[in-house]
Every structure is written in C-alpha cells, then in structure tokens.
Ligand SMILES: [Zn+2]
C-alpha cells in the first residue's frame with residue numbers, strides 16, 4: 001500500500017465514529033485506559049482502530065476472533081505508541097491468537113527469531129513474522145495493571161526492538177545523540193540486575209529480563225508501563241531512559257490514581 005493511500009485510508013477510517021460496542025469493551029476490560037488524559041484516550045482509540053483495521057487477525061487452537069479479542073489486544077498495544085511517531089507497528093502484519101498458553105510446535109531458535117524460555121508460551125514475536133498471544137494472558141494483563149506483567153506490552157516491545165533489523169535491545173531512538181547514554185545506562189543496569197539475582201536477591205525488573213538484552217528491553221518496557229511507580233523509585237536512571245524513548249511518564253499516570 002502506498003504511503004499516500006495508507007494515509008487516506010486511515011483518514012477515512014478515523015472520520016467514522018468510534019464504535020459504541022468497542023467503548024463498552026474498553027470500559028469493561030481495560031482499566032488502564034481510565035488512567036489516561038482525555039487527549040490520550042482519543043489518540044489511543046485512533047491508534048487501536050488502525051491496528052485493528054490494518055493487521056491480519058487469526059484465531060488458532062479453536063479460538064474465534066471477535067471484537068473483544070481485537071480491542072483488548074489493540075488497545076494495550078496502542079499504549080506504547082501514545083507519544084511515539086513511528087509508523088504503527090509497520091513490521092507486524094499478523095496476530096495469531098491462541099485460547100491459552102500454547103506449546104511451541106517446533107524448535108524455534110535462530111538468528112532472526114526470538115525464543116521464549118520453556119516449551120509453553122504466553123506470547124512470541126517474530127522478526128518480520130507474526131506476533132502470537134495467549135488470549136487468556138492478554139486478557140489477564142488487561143484486567144490487572146500494576147503487576148509488572150503484561151504479555152501485550154512485552155511482545156510489542158520486541159517488535160519495536162526489531163524495527164532496527166536487529167533484536168538487540170536497542171530500538172530506533174528518536175534522537176541520535178541519545179545512543180551513548182542509552183547504551184551506558186542499559187548495559188550498567190543489566191549487569192547490576194544480573195548480580196542482584198546471582199546473589200539471591202530480587203529486583204523491580206524481574207529475573208527473566210536478564211536472560212539476554214532483547215528480553216531486558218521487553219521486560220523493562222513491561223515494567224515501565226505496567227508498574228512504573230516502583231520502577232521509577234528503585235531504578236530512576238533506567239526509568240528515565242524509557243521515559244525519553246517512549247515520550248511518556250506512566251508513573252505520573254499511576255500516582256494520580258493512588259496506585
Ligand atoms: Zn520476550
């Protein structure tokens with residue numbers, strides 16, 4: 001699709017009123033949305049509609065794709081883009097949705113794919129391939145903000161990381177001058193957090209985040225959006241890097257709710 005046609009198509013799509021049934025789904029299933037400012041809530045809906053419209057949605061393992069599945073996943077994915085001008089997950093064409101945690105059908109290790117640990121998965125993101133979710137876990141993530149646990153934030157973060165063509169924990173930063181500080185802070189915190197777990201202690205970034213640098217970016221993103229208050233309190237310097245990258249301050253959002 002040409003850029004012009006895509007822009008025109010999006011414009012026509014967003015001219016139509018937001019479906020009332022979708023508002024009802026947001027009210028019932030997405031408490032995160034209520035924490036946003038009015039302008040953000042409107043923008044979130046626009047982004048979610050484009051994601052729903054432009055991506056291919058496929059149910060697997062007997063799951064039927066309905067509006068609820070699409071709205072719950074697209075709205076959470078859209079949170080990451082609220083203040084980020086990069087085109088809307090243009091490297092993602094297809095969402096595959098399973099009813100629950102699913103077993104990997106094959107060994108999937110390679111230079112261009114990501115492997116989540118274990119044989120039972122809640123989600124996966126593939127370089128230039130589909131993003132795969134467990135519907136049960138995507139819905140649980142939607143219902144329970146604040147646990148630093150959100151499979152949609154996690155997998156969509158991997159796709160953002162992959163925008164550079166490499167899955168190395170460094171997404172395309174909006175400001176070239178940001179790279180040296182980003183690398184310095186990310187590397188130092190990754191090493192510190194590894195030591196924390198090696199010494200048997202815990203960190204605000206859960207241990208899966210220090211499996212490798214790609215998981216570090218995904219788990220930090222998840223924590224940044226889903227449990228930002230403890231993240232900011234315990235690792236302010238790392239939090240600041242994500243604040244600069246995503247252009248959002250979720251801790252302020254949560255603090256207003258007294259969370
Ligand atoms: Zn991951």
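Only the coordinates and a few stated rules stand behind these numbers; no lab work does. These numbers were taken from a predicted model, which means no experiment stands behind them. Quick reminder, even Gly has a Cβ in these numbers, built from the backbone with ideal geometry, and neighbours come from all protein chains shown.
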For the chain, find the longest principal axis of its Cα atoms and tell me its angle to the long axis of helix 236-246, 0 to 90°, nearest 10. 30 degrees
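Among 90, 43, which comes first, second and so on when ranked by fewest other beta-carbon atoms within 10 Å? Don't skip to the answer; put the middle values down first.
On the way: 90 11, 43 16.
With the sparsest Cβ surroundings first, the list reads 90, 43.
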Put a dot 7 Å past each Cα toward the Cβ at residue 212 and residue 21; how far apart are the dots in nm? 4.1 nm
To the nearest 10 degrees, the tilt of helix 20-29 (Cα long axis) against the first principal axis of the alpha carbons of the chain is 30 degrees
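State the percent of C-alpha pairs, over all pairs in segment 3-256, separated by a distance greater than 22 angstrom. Before the final figure, lay out the partial values.
Details: 17272 of 32131 pairs.
The proportion of pairs with Cα distances above 22 Å equals 54 percent.
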Could you pull out which residues in segment 235-250 have an amide N less than 19 Å from a spot 7 Å beyond the Cα of residue 184, following the Cα-Cβ vector? 235-245
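Using only helices, what value at 222 nm comes out for the chain when you add -39,500 (n - 2.57) per DSSP H run of length 4 or more and divide by the total residues, to the nearest 500 deg cm²/dmol? Intermediate results must be reported in sequence, preceding the final value.
Values: 11 runs with 132 residues, N = 259.
Theoretical 222 nm ellipticity from helices: -16000 deg cm²/dmol.
So for 156, 86, 35, 162, fewest C-beta neighbours within 10 Å to most, what's the order?
Details: 156 29, 86 14, 35 18, 162 22.
Ordered by Cβ neighbours within 10 Å, fewest first: 86, 35, 162, 156.
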How far, in degrees from 0 to 90, does helix 3-15 lean away from the longest principal axis of the Cα atoms of the chain, to the nearest 10? 70 degrees
Honestly segment 6-84 on the Cα gyration tensor test (a ≥ b ≥ c root eigenvalues; a/c under 1.5 rounded, otherwise a/b vs b/c for prolate or oblate) is just oblate
Give me 170, 159 ranked fewest to most by other Cβ atoms within 10 Å of their Cβ, as a rough exposure proxy. 170, 159
Given N residues in segment 141-210, what is its alpha carbon radius of gyration divided by 2.2 N^0.38 Å? 1.27
Once you order the gyration tensor axes a ≥ b ≥ c over the Cα atoms, which shape class does segment 158-259 get: rounded for a/c under 1.5, otherwise prolate or oblate by comparing a/b with b/c? oblate
For segment 2-51 and segment 143-221, write down the distance between their C-alpha centroids in whole Å. 28 Å
